[in-house]
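Novice: Structure in C-alpha cells, see below.
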Protein chains: 2
Amino acid sequence: MEYMKEEDFSVWYHKVLEEAGIVDLRYPVKGMVIYRKWGLYIIRQMQRFLEKMLEDAGHEPCQFPVLISEEVLGKETEHIAGFEEQVFWVTHAGKNPLERRLALRPTSETPMYESFALWIRSHTDLPLKVHQSVAVYRYETKHTRPLIRGREFLWNEGHAAHATEEGAAGNVEDIKRIYGSLISELLCLPYVIDKRPDWDKFPGAEATYAFDTLMPDGKTLQIATAHNLGQNFSKVFGIQYETADGKKEYAWQSSYGPSFGRLLAALISIHGDEKGLVLPPELAPIQAVVIPILFKKTEQENKEILDYVKAVEEKLISVGIRVTSDCGNQHPGEKYYHWEMLGVPLRIEVGPRDLKAGKVTVARRDTRSKSEMPFDELVNLAKLFDEISGSMRKKAEEKFKSGLYKAGNLNEVNSLLGKGIVSTGWCEGKECAGKIEETASILSIGGSQAACCVCGKQGREIRAAKTY
Amino acid sequence: MEYMKEEDFSVWYHKVLEEAGIVDLRYPVKGMVIYRKWGLYIIRQMQRFLEKMLEDAGHEPCQFPVLISEEVLGKETEHIAGFEEQVFWVTHAGKNPLERRLALRPTSETPMYESFALWIRSHTDLPLKVHQSVAVYRYETKHTRPLIRGREFLWNEGHAAHATEEGAAGNVEDIKRIYGSLISELLCLPYVIDKRPDWDKFPGAEATYAFDTLMPDGKTLQIATAHNLGQNFSKVFGIQYETADGKKEYAWQSSYGPSFGRLLAALISIHGDEKGLVLPPELAPIQAVVIPILFKKTEQENKEILDYVKAVEEKLISVGIRVTSDCGNQHPGEKYYHWEMLGVPLRIEVGPRDLKAGKVTVARRDTRSKSEMPFDELVNLAKLFDEISGSMRKKAEEKFKSGLYKAGNLNEVNSLLGKGIVSTGWCEGKECAGKIEETASILSIGGSQAACCVCGKQGREIRAAKTY
C-alpha cells in the first residue's frame, strides 16, 4: 500500500480481513479472533517453510502443554515480573477449585527449561534446540487489533541451550538468517533488526533483537524477536552439563519466535492494494487461477473452451504449480474481483481467441499487467513467479527505504513520527529518553555517535518510531 | 503385540513411549504430557493425510480460540450437562478477576455453532463443512494414561451443517470412509464401528458412531467418533437458512473427530513388538535408514563404502523415499537397536561385500527378514512398502478377529472380558444392562436378535468389552 492515514488504513485492513476470509472478528471473547480458510492456508505455508528451515538446522519439534504450574512460571523473578499482569489463570475444574492454580502459557521459557534440566546431562547432549508452533495467551490491556495485538496469538517459539556463550550467540545469528529467509525470501517483506534498549528487553534476557517492519500508516510492527538469555534461566532452572573433563557448567541459552499473526498482518498491509491482497507466488496457497471466458455462442464452443481450461490446469499441475480453475456461473468480472481480493498471483484467462491461437492470456496480480503466452510456455511459469517475487520485494523495499528519516532535534523527530523510522541521537540520560518516549518508542540504540535530539549533548545514534 | 497381560503391556508401553521419544511423562501438571520429536513427526503425518482428505471432500480449515464464554458453552443443556464436570475455568487475568469466567474448550460445538448462525443465511451457503486440528481440555477424574486419557489431547474436529437430514447422514457416511482410510490405509489398523447405546452418546447428539480398536491387553480403545446431531444445536443456536422458495429451515448437523493421541497409542501398541515401534511405510516419518558396515581395514575401503551409502541415499531420495543414513561412530548393533525402537520400516545395510557385488542388504522391521537387492532395484522400493503395509494390515486384522468372541450368558461374558470384544444378547431392560455394565461396557446395540445374557429373554445383539 502507498502511505495511508491511520483511519483509512484501518478501514481498508478490516475490509480485507473480512472479504478475503482471513479472520472473523465477531468472536464473543475480547481480543480473540476466528482464523478462517484463507488466513490459515497462508499461515500453513509460512509454518511449513519455517519448520523445515528450523529442522534442517537441527531444531527438533516438541509440543508442551498449554498449562503451566504457578511454581514453574514464577521461578525466574524478572521473567514473572514482566508477565504477571498478562497471565490468564485457570483456578477451577468442573465445580471444584484446583489445589494450585495454572497459567495459560504466555511464552514457554519456564516449562521448557524445567525439562531442559532433565534432558541435559553431558556436553554430548548439547546443543539442544527445540521449537513448537502453538498459540500463546496474554491479557493485553492496550487496544487490541486483529492479528497485531490479541489475547491469543499463533507463533512458533524456538529454545536452545549451548555449551558456550559463543555457541548461543552463533545460534542467535542462525536464527536471524532463518527468520530473514522467512520474511524476505518467502514473504518478500523488508525489515530491520533492532537491538532493543535495556528497558524494552524480553523479561529475563541479556539482549533482545527485534525484527521491525513498517506499516502503511508509518508505524513499525515488531514481527519476530530473538533473545540471548545468557545463563539467567539455566542458573535458576539448574540446567547444567558435564564437560569433557568432568566439570559442571551452566548452559548458555537463547529463545526466539516470529508471530504468524503479525507476519500475516504485515504481508496483507505492505503488499496489498485497493483490490485486496497481493501474495508472493512462493507463499500463495493458490498460485494461479484459470478462468474461462465464455460467450455462449454455441455449446460446442463452450465445451471446447472448458476442455482447454482443463488442459491448462493439468499442464500447470504437471510442473508443480498450485492451480485451480473457476468455471462457475458468475460473470468473469465477479470472479476477477474474488481472486484479486485473495491475492492469487496470476489469473489465466482462456477465451475463444486464446483457444484458436493456442495461447492464454496471463494477468499479473502485482502489476495488473496482461500478456499473452503460448500454451507450450506454461511449463516455464516458475520463471515468471521469480520475476514477480523479485519485483514485489523490490517495490516493498523501496517503500521501506522512503520511510527512513534522519532528524536533529525533538521537533523534527515529532514531525516525522507516523511517517516512518527516524534516526536521531540520544545522550543516554533517563530524562531525555523520557521526553523522546512521550511520543515515540526507541526501537534501538546503535553504536555510532550522534547529538542528543533533546539536550544536544553528544550521545549515541538511536532509531525511533511510532509502533504498534 | 501378541496378547499381553495388562501389567506387562503397561510396562512395555511406557518403555517405548520414553525410548522412542514419543512423549515425556515428567511434566508437572497431572494428565498433561510433553510431545517429543518422534511422536510429533508421526502425528504430523497423520494430520496432513487427514486434512488433505477432509479438504478434498470440501471441508475448510478454521481455528477457533481456546477460550469459550460461559454463556455460549451453556446454551445447549444436554451438552453442558455432559461436560460441566470436566471443564477447566479461567477466572483471573493478571491480578484481577474476569468479569465473566471463560472455559478452556472441551470440544467446539458451541463456539462454532454460534458462528454458523452468522455464516449461514441461504441454502446456497450449505453444506458448510469446517475442521480444525487443535488441543482440547477435559478434567478427567478417571486414571489418566499417556496418549489414551489425558487432560489435554490433540485431535482434529470436524463440524458440518446441511440443508437436509439425508445430507447430514450422508456426511457422516463420508466421514466414516475418511476416518476408515486414515485408520486402515495409513495406520494399517483394524477397527469396528459401534453405534453407541443412548446412554453413552455424545451430549447433545442424536446418534454417536465410535471407531473401536482392540489393544494388546484385550481392552477396546475408542479412537474416533462421529455424531449425528440432528437439529438439536441448530435450534438452540438459531442456525437457519432460507430455502429456494423463501422458507426458513433449521440446518441438520454433524460433528466428528479422531484423537491423534489415541491413534498413536493404538499404532504403537498394536503393531509394536519387544524391540519397539513398527511403523507402516506410508506413515513412517523416515521410511528407510542406510547403515554402513565398516571393518576399518583400510581408510580407502571405508571411504568407498561411505560413498556407496551416499549413492544409495541419493537414489532413494530421487524416487521420493524418506530416507536418512546413520554414519556415526557407534557400533552397528547400537544403531540397529535405535532405528528398530523407532520402527523405521527398512534398514539398508551396506558393507564391503554389498559394495563389491553392487547390491545392498535390506532388513524389514515388521518381519525382521533380510534379503539382498541389486542397487538398480532400489528405485522399486515403493513396491516393497506396499507389501509391508499389506502384511502389517493383515497381521493386525487377524489378531483383531481372534479377539472377537460370542457368549451366551453373563458368566461366559465375564470370563471373556479383557480378552477382546464379546458379542452377546440384551433384553433392553435397565436392570440387565446394569448387571452387564458392572464389569463391561456395552459398545453397541445391533439390529439382530439374541437372548439376553442376564435374564435369557429374547432381545438384541450387543457388543461388550472392557474399555479404556
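The values are calculated or read from the model by the stated rules, or taken from the named source; none is laboratory data. The structure displayed is predicted, hence computed values, not measured ones. Glycine gets a Cβ as well: all are built from the backbone with ideal geometry, and neighbour counts include every protein chain shown.
Novice: A:M53 passes all but one of (1) within 12 Å of chain B (Cβ to nearest Cβ); (2) modelled with pLDDT of 95 or more; which number fails?
Specialist: (1)
Novice: Please verify whether B:T467 is modelled with pLDDT of 95 or more and within 22 Å of B:G180 (Cα to Cα), treating the condition exactly as stated.
Specialist: yes
Novice: So the check is Cβ under 7 Å with 6+ separation or different chains; which pairs have a first residue in region A:385-396 that's at negative phi and a second one that's small (G, A, S) and modelled with pLDDT of 95 or more?
Specialist: The qualifying pairs are A:R393/A:S184.
Novice: Against the conditions (1) at pLDDT 95 or above; (2) at the interface with another protein chain (Cβ under 7 Å from one of its Cβ atoms), where does B:A103 fall short? Just the number, please.
Specialist: Against the list (1) at pLDDT 95 or above; (2) at the interface with another protein chain (Cβ under 7 Å from one of its Cβ atoms), B:A103 comes up short only on (2).
Novice: From the list A:L118, A:L73, A:L147, exactly one residue is at positive phi and touching a Lys or Arg at 6+ places or on another chain (Cβ under 9 Å). Which is it?
Specialist: A:L147
Novice: For region A:81-100, name all the residues that are under 31 Å from the mean Cα position of the chain (by Cα), at pLDDT 95 or above and either away from every other protein chain (no Cβ under 11 Å) or within 15 Å of B:P28 (Cβ to Cβ) (or both).
Specialist: A:V90 - this is the single residue of region A:81-100 that is under 31 Å from the mean Cα position of the chain (by Cα), at pLDDT 95 or above and either away from every other protein chain (no Cβ under 11 Å) or within 15 Å of B:P28 (Cβ to Cβ) (or both).
Novice: List the number of the failed condition for B:S391; all other conditions in (1) surrounded by fewer than 18 Cβ atoms within 10 Å (Cβ to Cβ); (2) of a type in the set (G, A, S); (3) touching a Cys at 6+ places or on another chain (Cβ under 8 Å) hold.
Specialist: Just one mismatch for B:S391, condition (3).
Novice: I'd like to check something: does region A:255-268 contain any residue that is surrounded by 15 or more Cβ atoms within 10 Å (Cβ to Cβ), modelled with pLDDT of 95 or more, among the β-branched types (V, I, T) and within 27 Å of A:N329 (Cα to Cα)?
Specialist: For region A:255-268, residues surrounded by 15 or more Cβ atoms within 10 Å (Cβ to Cβ), modelled with pLDDT of 95 or more, among the β-branched types (V, I, T) and within 27 Å of A:N329 (Cα to Cα): absent.
Novice: Another question, then. If B:T124 satisfies every condition in (1) more than 10 Å from every other protein chain (Cβ to nearest Cβ); (2) in contact (Cβ under 8 Å) with a residue 24 or more places away in the chain; (3) in contact with a strand residue (DSSP E or B) (Cβ under 9 Å, 6 or more places away or on another chain); (4) surrounded by fewer than 16 Cβ atoms within 10 Å (Cβ to Cβ) but one, which is the exception?
Specialist: The failed condition is (2).
Novice: Is there any pair linking a residue in region A:181-207 that is on the phi > 0 side of the Ramachandran plot to one that is at pLDDT below 95 and assigned to a loop (DSSP other than H, G, I, E, B), with Cβ under 7 Å and at least six apart or on different chains, and which?
Specialist: If the second residue must be at pLDDT below 95 and assigned to a loop (DSSP other than H, G, I, E, B), the pairs left are A:G204/A:E76.
Novice: Restricting attention to region A:3-12, does a residue exist that is within 24 Å of B:Q132 (Cβ to Cβ) and surrounded by fewer than 21 Cβ atoms within 10 Å (Cβ to Cβ)?
Specialist: Within region A:3-12, not a single residue is within 24 Å of B:Q132 (Cβ to Cβ) and surrounded by fewer than 21 Cβ atoms within 10 Å (Cβ to Cβ).
Novice: Among A:E114, A:E152, which is the only one that is within 21 Å of B:R105 (Cβ to Cβ), facing chain B (nearest Cβ under 10 Å), touching a residue at least 40 places away in the same chain (Cβ under 8 Å) and acidic (D, E)?
Specialist: A:E152
Novice: Could you list, in sequence order, all residues of region B:41-50 that are more than 9 Å from chain A (Cβ to nearest Cβ) and surrounded by fewer than 22 Cβ atoms within 10 Å (Cβ to Cβ)?
Specialist: The answer is B:Q45, B:Q47, B:R48, B:F49.
Novice: Still on this structure, please answer the following. Test of understanding: among B:R100, B:R105, which residue is of a type in the set (K, R), in contact with a Pro (Cβ under 9 Å, 6 or more places away or on another chain) and within 22 Å of A:K95 (Cα to Cα)?
Specialist: Only one candidate qualifies: B:R105.
Novice: Sort out which residues of region B:177-202 are crowded, with 16+ Cβ neighbours inside 10 Å and under 17 Å from B:H131 (Cα atoms), and write them in order of number.
Specialist: Passing the criteria: B:I178, B:Y179, B:L182.
Novice: Which residues, counting only those in region B:56-65, are within 11 Å of chain A (Cβ to nearest Cβ) and more than 10 Å from B:P111 (Cα to Cα)?
Specialist: B:H59, B:E60, B:P61, B:C62, B:Q63
Novice: Please go through region A:175-206 and pick out each residue that is acidic (D, E) and either in a strand (DSSP E or B) or under 30 Å from A:T77 (Cβ atoms) (or both).
Specialist: A:D194, A:D198, A:D200, A:E206
Novice: Look at region A:19-40 and say how many of its residues are within 7 Å of chain B (Cβ to nearest Cβ) and in a helix (DSSP H, G or I).
Specialist: Qualifying residue count for the region: 2.
Novice: While we're looking at this one, here's another question. I'm checking my understanding of the structure. Among residues of region B:66-77 that are among the charged types (D, E, K, R) and more than 10 Å from chain A (Cβ to nearest Cβ), which one is surrounded by the most Cβ atoms within 10 Å (Cβ to Cβ)?
Specialist: Across region B:66-77, the extreme among qualifying residues is B:E76.
Novice: Right, here's the next one. Failed condition for A:K356, given (1) part of a helix (DSSP H, G or I); (2) assigned by TED's automatic domain parsing to the domain that holds A:I305; (3) within 25 Å of A:W38 (Cα to Cα), with all others met?
Specialist: (3)
Novice: Could I ask something else about it? From the list A:L283, A:L277, A:L342, A:L267, exactly one residue is assigned by TED's automatic domain parsing to the domain that holds A:L214 and in contact (Cβ under 8 Å) with a residue 24 or more places away in the chain. Which is it?
Specialist: Selected residue: A:L267, the only one of A:L283, A:L277, A:L342, A:L267 that is assigned by TED's automatic domain parsing to the domain that holds A:L214 and in contact (Cβ under 8 Å) with a residue 24 or more places away in the chain.
Novice: Condition test on B:I291, is it β-branched (V, I, T), over 26 Å from B:R36 (Cβ atoms) and touching a residue at least 24 places away in the same chain (Cβ under 8 Å)?
Specialist: The answer is no for B:I291.
Novice: Mind listing whichever residues of region A:150-174 are of a type outside the set (A, V, I, L, M, F, W, C) and in a helix (DSSP H, G or I)?
Specialist: Correct list: A:E165, A:E166, A:G167, A:G170, A:N171, A:E173, A:D174.
Novice: Can I ask one more? Return the residue satisfying two criteria in turn: it lies in region A:320-364 and is of a type in the set (S, T, N, Q) and within 30 Å of the chain's Cα centre (by Cα), and of such residues it is surrounded by the most Cβ atoms within 10 Å (Cβ to Cβ).
Specialist: A:S325
Novice: Which residues, taken from region B:128-147, are buried (at least 22 other Cβ atoms within 10 Å of the Cβ) and more than 12 Å from chain A (Cβ to nearest Cβ)?
Specialist: Passing the criteria: only B:L147.
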